Amino acid sequence: MIYIHWTFLLIYFVIIITTMVVVVMDDRQPAKTMAWLLVLWFLPFIGILLYFFFGQNTRKERLVSQRSLDQLTKRSMLEFAEQEDLHIPENHLPLVHLFTNQSWALPFKDNVVDIYTNGYDFIFSVLHEIKKARHHIHIDTFIIEDDPLGNLIADALIDKARQGVEVRFIYDDVGCWKVKNKFFDRMRDAGIEVHAFMPVKFPAFTSKANYRNHRKIYIFDGAVGFIGGMNIAIRYLKGTARQGWRDTHMRIKGGSVYAMQRAFLIDWYFVDRTLISGRKYYPPVNPAINNNCLIQI
């Protein structure tokens, strides 16, 4: 019996030492590293559980290779770095340069923007663009619910997929934790590529719950994009029994759709490990759009 005791003790210390090495080698702030080392050493067993659920570094940047991230962020934007007749007001230059230097978030001129504060108007516009799409549809949303609105959008996407349009759909696993797999399987069976963003089994007990995808972007043929705060759920149309609902979304036509496309394709690489950077996903801007409306995303 004593041999079993020492065997378990040895295994535990091996696990502790290995975990401490992982913590030291991880790229995190020194104060956090020291805190986790103390927790692991002075809280036997509990420390291991705490680190497993809350301490693992799962930032998206660490899970996407630097080379691929560079290709998706910089290379896809290089040809747009020098835009003809791009005029930026002098008082906006510091902020524009800050965002450009940090993440290659380029400013784009010549955009047409429609603002939606009514959920019905927003959904009608989205359905209209789904119907018009000829090449691809990219949707990245925090929430889609298995309700009449969610099924209406799913049916429209299924129809386009069966027509041969490329449809890619990303949903957040925590945002959609109540939605059954069969809802998404129906879309997959029709040829839609569907992925959950950073799936988790126990949302309340893991650090992955902190790294969620709250984007709500819709891109159609690389020419029209929607960005804002509205998810795909009935409450975004008419509120709930206890309260109303007010949110804002925008439809954009013009060069800034490239920035939305880039954001989607980075997320797509993260969930699917497929590097998509073809020029067909960045089509020429309609020359009729010539208003110098400046947008930086």
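Under a no-solvent Debye model with one identical scatterer per Cα of region 220-297, what's log10 I(q)/I(0) at q = 0.11, 0.22, 0.23 Å⁻¹? So the normalised log intensities are -0.41, -1.02, -1.06. For a label point 7 Å from the Cα of Lys238 along Cα→C-beta, name the residues of region 137-160 whose backbone N is under 12 Å from it. The answer is 148-149, whose backbone nitrogens lie closer than 12 Å to the label point. Distances longer than 27 Å among the Cα atoms of region 61-296: what percent of all pairs is that? Taking all Cα-Cα pairs of region 61-296, the fraction more than 27 Å apart is 36 percent. For region 78-173, applying the loop criterion from DSSP together with a ceiling of 15 other beta carbons within 10 Å to the trypsin sites (Lys or Arg not before Pro) yields Arg134. Stretching Arg273 away from His92 to a fully extended chain increases their span by 61.5 nm, per 0.36 nm per residue minus the current alpha-carbon distance. What the phi angles of region 145-154 give under the Karplus curve with 6.51, -1.76 and 1.60, with θ = phi - 60°, is a coupling list of 9, 7, 10, x, 5, x, 6, 5, 5, 4 Hz, glycine and proline written as x. Of Cys293, Phe124, Ser103, which is farthest on the positive side of the dipole of region 61-296, counting Cα position, with +1 on Lys and Arg Cβ, -1 on Asp and Glu Cβ, and the Cα centre as origin? Ranked along the dipole, the leading option is Phe124. Applying a threshold of 21 Å to the alpha-carbon distances of Lys32/Lys216; Lys178/Lys216; Lys131/Lys178; Lys160/Lys280; Lys109/Lys253 flags Lys32/Lys216; Lys131/Lys178 as lying beyond it.
Send over the semi-axes of region 123-171's equivalent ellipsoid, whole angstrom and largest first, taken as the square roots of 5 times the C-alpha gyration tensor eigenvalues.
Three semi-axes, in Å: 17, 12, 10.
Extension gain for Ser103 to Lys132 (0.36 nm times residue separation, less C-alpha to C-alpha distance): 7.3 nm.
Computed from the coordinates by the stated procedures, all read-outs in this text should not be read as laboratory data. Being a predicted model, the structure only gives us computed values, none of them experimental. Cβ sites come from the backbone with ideal geometry, for glycine too, and all protein chains shown count toward neighbours.
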